[in-house]
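Have a look at the structure below, then the notes.
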Amino acid sequence: MRLRNIKGAGEAVAASTYVVQEPEQQAGNWNTLFGNTNPIHIEIGMGKGRFLMTLARQNPGINYVGIERYSSVLIRALQKMETDPLSNLLFLCIDAGCLEQIFAPGEAGRIYLNFSDPWPKDRHARRRLTSPEYLSRYRKVLDGSGHVEFKTDNEALFDFSLESIEAAGWKLAGCTRNLHLDPEMNAGNVMTEYEEKFSAKGNPIYKLIALP
Ligand code: SAM
């Protein structure tokens, strides 16, 4: 993503009540923080947050945690929360590489990855959010019935993800190479900002659902 530095974004994120500061102190405590026992679903790389805000509005019985590493991107979601606050949604401004320090084992019910950065160079493969390194982080924090949902328009990243999932011994519960033409996989689909942009250009959208 082309990143425009937004003046004051860091300060706004650090002062926002929608952003959990020092989130490693909440490991094992997320339900207390939300004030209920509802399941916790996470989106990693949430960007400007439209996907997660739509889900949070549709599903008040689920708690959502959005992770975005750049304050200049996250601030767009904070601005939307100012006009449309949602009590079942919190944000973290962190790199997801420390996921296991933020959530206790089995604390999350679902992880969404939408249009994750492809990191095309082989030497950066470990940074891909569907790499074996990330899958082992997800396995630790997901509960017994938890799963990962991944969408992308990048075929090479999708193929890499399928290989990585198989090598890690995960089970594929759903897979399509053209989400918008697959009525079963597309049922209830919530479009992300990138999904709208890429599908408007005619790119097929790939999706998989994987269980650890
Ligand atoms: N999910 C959004 C969508 O579909 O419109 C945004 C997609 S954008 C290509 C990827 C986003 O993931 C960027 O905002 C980037 O900063 C964030 N991101 C990538 N790697 C991350 C990581 N390791 N931890 C947290 N955020 C990450």
### Query
How large is the charge dipole for segment 145-212, taken about the Cα centre, if only the Cβ atoms of Lys, Arg (+1) and Asp, Glu (-1) carry charge, to the nearest 20 debye?
60
### Message
Skipping prolines and chain starts, which residues have an amide H placed within reach, meaning under 5 Å, of the one on LEU86, given they are 5 or more residues away or on another chain?
### Response
none
### Query
So how much slack lies between SER136 and ALA15, counting 0.36 nm per residue of separation and subtracting their Cα-Cα distance, in nm?
40.3 nm
### Summary
Neighbour-count ranking for GLU196, GLU22 (other C-beta within 10 angstrom, fewest to most) reads GLU22, GLU196
### For the chain, built as a Gaussian network whose Cα springs stay under 10 Å, the top-fluctuating residue of ASP122, ASP159, ASP95
ASP122
### Message
Explain nothing, just the number: dipole magnitude of the chain about its Cα centre with +1 on each Lys and Arg Cβ and -1 on each Asp and Glu Cβ, in debye rounded to the nearest 20.
### Response
440
## Note on the structure
Amide H proximity to GLY174 below 5 Å, modelled H, separation 5+ or other chain, gives ILE209
### Query
What spacing in nm lies between the two simple spin-label points modelled at GLN25 and ASN5, each 7 Å away from Cα in the Cβ direction?
2.9
### Task
Decide, for segment 88-143, between rounded, prolate and oblate: order the square roots of the alpha carbon gyration tensor eigenvalues as a ≥ b ≥ c, take rounded if a/c falls under 1.5, and otherwise choose prolate if a/b is larger than b/c, else oblate.
prolate
### Query
Rounded if a/c is under 1.5, else prolate if a/b beats b/c, else oblate: with a ≥ b ≥ c from the C-alpha gyration tensor eigenvalues square-rooted, which is segment 22-103?
oblate
### Summary
Residue span LEU172 to LEU33: 0.36 nm per residue of separation minus Cα-Cα distance leaves a gain in nm of 46.8 nm
### Message
Quick check on segment 117-200: take the gyration tensor over C-alpha atoms, sort the square-rooted eigenvalues as a ≥ b ≥ c, and tell me if it's rounded (a/c under 1.5), prolate or oblate.
### Response
oblate
### Task
Rounded to the nearest 500, what is the 222 nm mean residue ellipticity of the chain from helices alone, with -39500 (n - 2.57) per DSSP H run of 4+ residues and division by all residues?
-9500 deg cm²/dmol
### Query
Can you put LYS121, LYS197, LYS207, LYS140 in order, fewest other beta carbons within 10 Å first?
LYS121, LYS197, LYS140, LYS207
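Quick note: the coordinates plus some simple rules give every number you see, no bench work behind them. Remember, it's a predicted structure, so these values are computed and weren't measured experimentally. Here the Cβ is made from the backbone with ideal geometry for all residues, glycine too, and neighbour counts use every protein chain on show.
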